[in-house]
Amino acid sequence: MLLEVDDVHVFYGAVEALKGISLQVAKGEIVALIGANGAGKTTTLKMISGVRPVKTGKVRFDGQDITHMPGHKRVDLGLCQAPEGRGIFPGMTVVENLEMGAFNRKGSLTEDFDRVYDLFPRLAERRKQVGGTMSGGEQQMLAIGRALMARPEVLLLDEPSMGLAPKLVSQIFSIIRQINAQGTTVLLVEQNAVQALTLAHRAYVLEIGKIVRSAPAADLLADDSVRAAYLGGDLGASA
Amino acid sequence: MKKSRPAVMKAAAVVGVAALGLGACGSSKSSNTGSSATTASGGGGSSTSAVKIGFFGALSGANAALGINILNGEKLAISQYMAGHPKVAVTVDSFDSQGDPSQANNGAQKLIGDKVVAVVGPAFSGESKAANPYFAQAGIPHITASATNVALAQSGDKFFYRGLADDSAQGPGDANYLVKTLGAKTIAVIDDKSSYGQGLADYVRSQIKTDGATDVVDDHVDPNGQDYSSTVNKIVAAKPAAVFYGGYYDAAGRLIKQLKDKGYTGAFMSGDGSEDPHFITDAGATAAEGAYLSCACEDTSAAPSAATFNTAYQAAYGTPPAIYSGEGYDVTNFLLAAIKAGNTTPSAINNYLKTNSWTGITKTLKFQSDGDLVGGTVYVYQVKNGKITQIGTTPS
Amino acid sequence: MHLHSFVTQFWPSTVDGVTLGSIYALFALGYTLVYGVLKLINFAHSEVFMVGTMSAMWIMHFLNISAIQSGFALVGALLLAALFSMGGSAATALALERVAYRPLRRRGASRLAALISAIGASFVLQQVFEVYYSNQYSNFPRLFKHSTLFNIGSAQITTDRVLIVVAAVVMMVALERTVALTKLGRGIRAVAQDPETATLMGVNIDRTIMYTFLLGGIMAGVAAVLWNVRFEQTRFDIGFLPGIKAFTAAVLGGIGNIRGALLGGLIIGLLELYGASVFGSQWRDTTVFVVLVLVLLFRPSGLLGESLARARA
Ligand SMILES: Nc1ncnc2c1ncn2[C@@H]1O[C@H](COP(=O)(O)OP(=O)(O)OP(=O)(O)O)[C@@H](O)[C@H]1O
Ligand SMILES: [Mg+2]
């Protein structure tokens, strides 16, 4: 397994946000993590990225125990995240934001810029624009592009479709598929469960800090109880 | 007197407590009756009783030098007195005020509690203002050897004495010196807004007008500030013949230095607050050279009457007497004269001070009813070859 | 009001104001950088400056350099003074971060706690220098003649003024470029704008904060040596007044904003001198603070806005 989370508990003060989470992501997979608001999806990704401390449990990357490794070092290992809310640096230009993605990398970035501009021609047009003035969709492209600049082994995406128009949503999802096809493993958190499950190979269902289901994505998509609980509103759209 | 450092204390004046006992004069009488304040002597030789003379002033902190000078003068007077095996032994009871007026209450209570019969001090005007009422209430005579704020004598304190001329003598004296002796017709008068500095400068401002000169620039500097360029620009634009500064030595040093840097060539004068070697180090020797400083204190090293004192002081402390040492010595001797004359209670000493006089090494001490000196000379000093040298007195 | 003296002293006031203002501006950078990154006021920054003035003065005394120098000796003495000043200030800034801030940050303490910690550190540093060094002013030697190069109106432009203003501007530009163009600068801006995302990008927050203190310390060190050149004396409490002015400059320009510090510093230097010439020297500080309050009433985030976060650094 490339990424393994083993019985992890995370607290916010006295509140236990993750109550013993275990999950695995294999190389080359797209794994989706779905669940209601406040279930702990973002907390899970932040914990994996090392910006939320683990109380008990283990996180392993490529066999190495990274449970207590500082967040910035995990980036060097190949764990990269496009966070919820995009986390664009508002005072930096598109180019500078992309450079932030490659913060610790040495050597030429030309190839990486080309790849990102190739995936998101919009960004190429707006290199000098300041992040804070970009539209929501553009910021999301920038967030994903920036994460790719690190040449991650595992890309963590927290609600990449949030707040986007349906057309843009499908565009983003097809880009994720493309990135995965180019060899990047993806762990995807989504509210937009139908599309996430359509895209993913496997999925976990999270409910108030606990994993309640784990199955191939297609099975969950077909499962009535899952549909009722998480896919209700989206049924029509997914059809 | 010198005021203490700018930041900490404003008007500081050291009051020399009058030490009891006559040093030089009259034959000693046996101690008088009913001196309840006197304690049994542990002291020297033949004495049959003992009293304490307090000291109140800064012995540590930024302004310690002045207090130490005065205390050394006081101790020298007392040790000379004790060497004569007097009937009444006298010891020193000192309080280190650090020059901080907020310590004044503590200091007064300590000395009063220790039953001192008189106090040399407080040293600075600021702490005097705070402490004097306690001594007045306790009926303990207190002689300052250094506090020159005029108002200290105006509070109706019947136990207050001042062993040197006050600022009302110094300010006009300085103005007279600038106008009459140096011939300056246009003068810039600057101060630091402290009660001492502005008080002194205001006396200068009014006296130069009386003397027929013009106050061409009036400005105030922040004694804690470094940049005096706005004041300097005004002075340089007005080109006065002389600048007077009311305040303390460090700001005075900065002012003269920044003036000279901008090409000012006229005379510079400041009061006793600036009469300190640090004035020269702060200004730089070149900038300070030629500056005039005034003080109601006398440089005893120049006084023939003080030769014995100078030698004894050097022998006792390993340094020559410095500012206010002579005044501290004189006021203590006045108190010792009172004790020698048989006065060992605070009230008896107080009466003695009011009705007698004492010729010391710096001057004859004789007090008016408000405790201020009768007469009182203001001495003029000048920085010559990097040394503060006494050059004369102010004209009247 | 003395509008006449404002007019007659306009040029000298301007020159003196710009000189003082350039020092304030350099000094203000430390407040602004640390605020930008940590959102807290480093109240001990005035002591970072003080240690700089002390270090420069100390090396001159130690090497017995007390007179006018020329040629290489002058350049060497100035560089040495600057190096010690920057070193002393930078070391103090780093030590403060380590001792007074980092432990609190690790424990997630409030900003108020950090503020108290800074005030405490400030007292400690002052008193250490007061007790173990001196409570009197110590002099910094005049290393070169402050001769007049040319005049602007009635103002003499002297060598020391030129040195101060040029050095300050060069350092400000160097810092601005560092923050705008280097990897270190990007890291600082990233932490200022969004520390968590910065970590997700691989930025080492602790190290970036350390570098921020370091840069602020170096700038304060340059301010300190220029202060020594201008006023030639220092004492344990020397940082207090210019510290307040520099902090005010940072707020006036927009705290967190590097260009704002420059603008704020110059405005405050000039206001002090102009205010003093119009109202009398006793009103110079009042003038500054009245203007500050008025500006903040209309532009609560300062003239250029609170930056590092918003605009480009
Ligand atoms: N910084 C925080 N402090 C305290 N509680 C927090 C914090 N962040 C998250 N929580 C709580 O932890 C729980 C999980 O939050 P999390 O953000 O992981 O949910 P989520 O599954 O990502 O939800 P959403 O779909 O709304 O983004 C919630 O109850 C939330 O209120
Ligand atoms: Mg979330």
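The values are calculated or read from the model by the stated rules, or taken from the named source; none is laboratory data. None of the values given here were measured: they were computed from a predicted structure. Note that each Cβ is placed from the backbone with ideal geometry, even for glycine, and that neighbours are counted across all protein chains shown. Please note that ligands, DNA and RNA were not included when accessible areas were found on the heavy atoms of the full protein model with its side chains. Shrake-Rupley method; radii C 1.70, N 1.55, O 1.52, S 1.80 Å.
Before moving on, here are some points about what is shown:
- Residues whose placed amide H lies under 5 Å from that of residue C:69, excluding near-sequence neighbours: C:144
- Ignoring lysines fewer than eight residues from residue A:106 along the same chain, the ones with Cα atoms less than 16 angstrom from its Cα are A:73, C:183.
- With distances taken between every two different alpha-carbon atoms, region A:88-150 has a Kirkwood hydrodynamic radius of 11.2 Å.
- Potential lengthening of the chain between residue C:210 and residue C:174 amounts to 11.1 nm, from the contour at 0.36 nm per residue minus the alpha-carbon distance.
- Helices in chain C, meaning DSSP H runs of at least 4 residues, each add -39500 (n - 2.57). Divided by all residues, the mean residue ellipticity at 222 nm is -24000 deg cm²/dmol.
- Convex hull volume of the C-alpha atoms in region A:83-239, normalised per residue: 123 Å³.
- Here, the protein assembly as shown is characterised by an Rg to Rh ratio of 1.16, where Rg is the alpha-carbon radius of gyration and Rh the Kirkwood radius.
- Over the C-alpha trace of chain B, radius of gyration and Dmax come out as 20.8, 70 angstrom.
- Choice from C:68, C:218, C:188 showing the highest fluctuation, given a GNM over chain C with Cα pairs closer than 10 Å: C:68
- Here region B:280-396 has an Rg and Dmax of 16.9, 54 Å, counting Cα atoms alone.
- In summary, the aspartates and glutamates within cross-link reach of residue B:340, defined as a Cα separation below 17 angstrom excluding same-chain residues under 8 places away, comprise B:74, B:330.
- Förster-model FRET efficiency, 35 Å R0, residue C:3 and residue C:162, C-beta, rounded to 0.05: 0.75
- Residue B:243 long-range amide H proximity, modeled H, under 5 Å: B:188, B:267, B:268, B:269
- Looking at region A:88-150, the accessible area is 37 square angstrom per residue; that uses a 1.4 Å probe and ignores ligands, DNA and RNA.
- Scaled against 2.2 N^0.38 Å for its residue count N, the alpha carbon radius of gyration of region C:102-182 is 1.78.
- Residues of region C:130-144 whose accessible area (probe 1.4 Å, heavy atoms of protein chains only) drops by at least 30 Å² once all protein chains are present, relative to their chain alone: C:135, C:136, C:137, C:139, C:142.
- Ellipsoid equivalent to chain C - semi-axes via the Cα gyration tensor, in Å: 31, 24, 18
- The helix-only estimate of mean residue ellipticity at 222 nm for chain B, built from DSSP H runs of length n ≥ 4 each weighted as -39500 (n - 2.57), is -11000 deg cm²/dmol after division by the residue total.
- Backbone phi angles across region B:302-313, fed through the Karplus curve with coefficients 6.51, -1.76 and 1.60 (θ = phi - 60°), yield HN-Hα couplings of 8, 8, x, 5, 9, 4, 5, 4, 4, 5, 5, 5 Hz in residue order; Gly and Pro are listed as x.
- Structure remark: mean-square fluctuation, Gaussian network model of chain C, C-alpha springs under 10 Å; the largest value among C:268, C:116, C:59 belongs to C:116.
- Antiparallel bridge percentage (DSSP; both residues within chain B; nearest 5): 30 percent
- Pairwise centroid distance, computed over Cα atoms, of region C:53-122 with region C:244-271, Å: 21 Å
- Compactness index (Cα Rg / 2.2 N^0.38 Å), region C:7-54: 1.50
- Size of the C/A contact, given as accessible area buried on both chains, probe 1.4 Å, in Å²: 2000 Å²
- Within the listed set B:377, B:210, B:364, the residue fluctuating most in the Gaussian network model of chain B (springs between alpha-carbon atoms under 10 angstrom) is B:210.
- Only helices enter the 222 nm calculation for chain A: every DSSP H run of n ≥ 4 contributes -39,500 (n - 2.57), and dividing by all residues gives -10000 deg cm²/dmol, rounded to 500.
- Charge tally for residue B:373 (other residues, Cβ to Cβ under 12 Å; Lys, Arg +1; Asp, Glu -1): -2.
- Partner chain coverage, peptide C:273-281 - average Cβ within 10 angstrom: 5
- Here region A:88-150 exposes an accessible surface that is 48 percent carbon and sulfur, computed with a 1.4 Å probe and the other protein chains kept in place.
- Per-residue HN-Hα couplings for region C:248-258 [Karplus 6.51, -1.76, 1.60; θ = phi - 60°; Hz; x = Gly/Pro]: 4, 4, 4, 5, 4, x, x, 5, x, 10, 5
- Alpha-carbon centroid distance for the pair region B:306-368 / region B:133-157, whole angstrom: 17 Å
- Proximal aspartates and glutamates relative to residue B:234, as straight alpha-carbon distance under 12 Å, when same-chain residues fewer than 8 apart are discounted: B:218, B:219
- Compactness ratio for region C:1-136: Cα radius of gyration over 2.2 N^0.38 Å (N = residue count) comes to 1.33.
- Within the protein assembly as shown, percent of DSSP bridges classed antiparallel, to nearest 5: 45 percent
- These residues, B:155, C:13, go from largest to smallest accessible area, 1.4 Å probe, as B:155, C:13.
- Range in chain A, longest, excluding exposed trypsin sites (Lys or Arg not before Pro) [loop by DSSP; at most 10 other beta-carbon atoms within 10 Å]: A:129-239
- Calculated from backbone phi, Karplus (6.51, -1.76, 1.60) coupling profile of region B:379-395 in Hz, x at Gly/Pro: 9, 10, 10, 9, 7, 10, 6, x, 10, 7, 10, 6, 10, x, 10, 7, x
- Violating pairs (Cα-Cα greater than 27 angstrom) within the set B:180/C:145; B:239/C:145; B:257/B:384: B:180/C:145
- Percent accessible area from carbon and sulfur atoms, region A:16-85, protein chains only, probe 1.4 Å: 46 percent
- Within the accessible surface of chain B, defined with a 1.4 Å probe on protein heavy atoms only, the carbon and sulfur portion equals 53 percent.
- Annotation: amide H of residue A:204 within the under-5 Å range of A:32, A:33, A:34, sequence separation 5 or more or interchain, hydrogens built in the peptide plane.
- In the C-B interface, the accessible area buried, summed over both sides, Å² (probe 1.4 Å): 2300 Å²
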